[in-house]
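Nothing in this text is a laboratory measurement; each read-out follows from the coordinates by a stated rule. Since this is a predicted model, take the numbers as computed values, not measurements. Neighbour counts are summed over all protein chains in view; Cβ atoms, including those assigned to glycine, are modelled from backbone coordinates with ideal geometry.
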Amino acid sequence: MDIIFSPLTACKSLSAHSKGAYRLYVLAKAMAEGARYIVNTLDVSRVALEFISGRQIARDERAAVRLGLFRIEQGKSGEKVYILTSHHNAAICLGATKSSASRRATVSLADLFSDKWQAIAFTKWQDITTRYGLLLTSQKKQAERTGIQPQMQQRYNKVCGVVSRNNYAVSNISANHLDAVREFSTRAAPFAFKNHKTNQSYIAWRLPSTRVVCADSSAINKSIIDGSLISTNPNVCRKGSRLFLYGEMSFTKALKSCGPKQRDLYLFSYVSKSGAGMFTHFAV
């Protein structure tokens with residue numbers, strides 16, 4: 001049985017210590033008939049008992065009712081049933097956004113009740129949010145959106161085999177101006193980067209890492225993060241401004257992807273010998 005869930009809502013349930021309640025909710029949702037959002041409580045318990053105790057089910061049930069994920073009523077046959085809320089309402093109940101519930105993923109029943117469930121929930125969200133590594137997002141930004149702190153993010157990524165690659169931006173500003181940039185710029189830890197081909201040094205800085213689950217067929221560089229970035233169509237137009245671009249294109253063409261308030265643009269250049277992704281920075 002494949003269970004459909006909202007990754008961001010799942011992440012919010014983890015940060016709110018309500019993973020059991022949300023887990024029971026999505027199981028019941030998968031077992032509900034059609035769009036009626038009604039399911040027999042005994043049917044859900046019978047499946048869940050294969051993985052967790054009856055006492056744990058009772059605790060998760062009480063938590064789910066308290067959070068508003070479902071309510072318990074007596075059906076026409078006299079048996080108790082769950083009246084389930086929608087995925088959108090469940091997202092709001094757990095502190096996610098209503099629109100985030102439209103981004104859904106699937107997980108097997110065994111994984112849902114496994115020790116890996118928390119890691120799976122976060123890495124699924126990370127995959128969708130970063131478009132399998134095409135968008136770079138810092139751990140701090142991910143923590144702001146999910147409530148999961150960087151230390152736990154690293155642990156979850158390790159459990160699910162997520163591979164990370166460091167990324168750097170190289171500007172066209174001479175390293176002679178490094179002291180001024182360090183003093184007045186908002187760039188994080190700028191440093192001097194030497195281009196050995198031209199024997200010139202430029203100002204560079206660290207970008208968020210690329211993170212991909214290499215077992216995922218949609219991931220870039222699924223064999224290992226090495227060489228040129230691979231994607232079916234990395235430059236497909238999306239809503240909003242596009243900060244990081246891949247593929248060979250001129251700066252003039254790349255500018256067409258910028259939003260009206262965008263001030264920076266990064267074009268992927270190459271992977272260094274150390275395995276780091278190198279981006280060329282343009283001020284727009």
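Where the convex hull is taken over the Cα atoms of segment 2-114, what is its projected area averaged over directions, in nm²?
On the way: hull surface 25.8 nm².
With the hull built on Cα positions only, its mean projection is 6.4 nm².
Cα atoms only, the chain: Rg and Dmax in Å?
Rg and Dmax of the chain, Cα atoms, are 23.1, 82 Å.
If we count trypsin sites (Lys or Arg not before Pro) as exposed when they sit in a DSSP loop and have at most 11 other beta carbons within 10 Å, what is the longest stretch of the chain that avoids them all? Please report the intermediate quantities before stating the final value.
Values: sites that count: R36, K76, K197, R238, K239, K256, K261, R263, K273.
In short, 77-196.
From Cα coordinates alone, what are the radius of gyration and Dmax values for segment 71-128 in angstrom?
Gyration radius and largest Cα-Cα distance of segment 71-128: 14.9, 44 Å.
Looking at segment 1-96, which GluC sites (Glu not before Pro) are in a loop (DSSP not H, G, I, E or B) and have at most 15 other Cβ atoms within 10 Å? Write down the numbers at each step before the final one.
Details: sites: E33, E50, E61, E73, E79; in loops: E33, E50, E79.
Sparse-neighbourhood loop GluC sites (Glu not before Pro): E33, E50, E79.
Can you list the lysines whose alpha carbon sits under 23 Å from that of K12, skipping same-chain ones fewer than 8 residues off?
Counting by Cα, and skipping residues close in sequence, K12 has these lysines nearby: K29, K98, K116, K124, K140, K141, K158.
Report the dimensions of segment 157-207 along its three principal axes from the alpha-carbon atoms, largest first, rounded to Å.
Principal axes ranked by extent give 43, 29, 11 Å for the Cα atoms.
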